[in-house]
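Notes to accompany the following structure.
The values are calculated or read from the model by the stated rules, or taken from the named source; none is laboratory data. None of the values given here were measured: they were computed from a predicted structure. We place every Cβ from the backbone using ideal geometry, glycine too, and count neighbours over all the protein chains shown. Only protein heavy atoms, including side chains, enter the accessible area calculation; ligands, DNA and RNA are left aside. Shrake-Rupley method; radii C 1.70, N 1.55, O 1.52, S 1.80 Å.
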Amino acid sequence: DERIIFHSDRDGNSEIYCIELPVIEETRLTFNDSYDGFPSWSPDGTMIAFVSYRDDRASIYSMNSDGSNLIRLTVSHGHDTEPDWSPDGGGIVFISTRDGRQSVYIMNSDGTDAHAISGSTELNSNPDWSQDGARIILQSYRAGLRGIDMINVDGTGLRRLTDHSVLEE
């Protein structure tokens, strides 16, 4: 029982889809006029976190894996994007501009206790949990250089992992 989740704009608007394997059976999971994207499976495969612009800004939502039980998890004055579930399913890491920059935030999987774990002096993207759930790996842009960083979930221990960076042009 394998499933692949993705977003597609095949109908002129980005929506969330699921493909069941080995028999390829595709199911559309979201139906609205706004962008839906960045889908992320919960570790047990029962939930999907994703980004939607249905409320005039990027917010993170969750739904059951069949598209039912839609819940808005974030409400902010910024844009909340790129959700990723923690290995135990209890948390979601995401990128938010609520502090004016693309900062890394963590919240409980029900949307409560959203808080920044990275400072607002850098741009961050593509957050992903370590397998043990203790750290976040991310792409960052600091001092004019893009690289891969790691930070503890409590916001301490930020360090650059790449031994070379490429100057952004």
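Specify the residue that is modelled with the lowest pLDDT; the eligible residues are those in segment 143-158 that are open to solvent by 50 Å² or more (accessible area, probe 1.4 Å) and over 23 Å from Gly90 (Cβ atoms).
The selected residue is Ala143.
Could you identify the single residue in Arg54, Arg146 that is closer than 27 Å to Phe6 by Cβ, over 16 Å from the mean Cα position of the chain (by Cα) and not in a loop (DSSP other than H, G, I, E, B)?
The unique qualifying residue is Arg146.
Mind telling me which of the residues Gly37, Gly12 ends up being more than 23 Å from Gly155 (Cβ to Cβ) and surrounded by fewer than 14 Cβ atoms within 10 Å (Cβ to Cβ)?
Testing whether each residue is more than 23 Å from Gly155 (Cβ to Cβ) and surrounded by fewer than 14 Cβ atoms within 10 Å (Cβ to Cβ) leaves just Gly12.
Within segment 120-132, count every residue that is open to solvent by less than 50 Å² (accessible area, probe 1.4 Å), in a loop (DSSP other than H, G, I, E, B) and polar (S, T, N, Q).
Matching residues across segment 120-132 total 1.
Look at Ile4 and say whether it is open to solvent by 30 Å² or more (accessible area, probe 1.4 Å), farther than 26 Å from Ser130 by Cβ and among the aliphatic types (A, V, I, L, M).
Here the answer is no, as Ile4 does not meet what is asked.
Determine, yes or no, whether Gly91 is modelled with pLDDT of 95 or more and closer than 13 Å to Ser40 by Cβ.
It is true that Gly91 is modelled with pLDDT of 95 or more and closer than 13 Å to Ser40 by Cβ.
Between residues in segment 83-95 that are of a type in the set (Ser, Thr, Tyr) and residues that are open to solvent by 30 Å² or more (accessible area, probe 1.4 Å), which pairs lie under 6 Å by C-beta distance while being six or more apart or on different chains?
Ser86/Trp129
What number of residues within segment 16-34 satisfy the criterion of being modelled with pLDDT under 90 and surrounded by 20 or more Cβ atoms within 10 Å (Cβ to Cβ)?
1
Which residue out of Ser59, Ser65 is surrounded by 15 or more Cβ atoms within 10 Å (Cβ to Cβ) and more than 14 Å from the chain's Cα centre (by Cα)?
Within the list Ser59, Ser65, the selection yields Ser65.
For segment 96-119, what are the residues that are part of a strand (DSSP E or B) and without any contact (Cβ under 8 Å) to a residue 24 or more places away in the chain?
Across segment 96-119, the qualifying residues are Ser96, Ser103, Asn108, His115.
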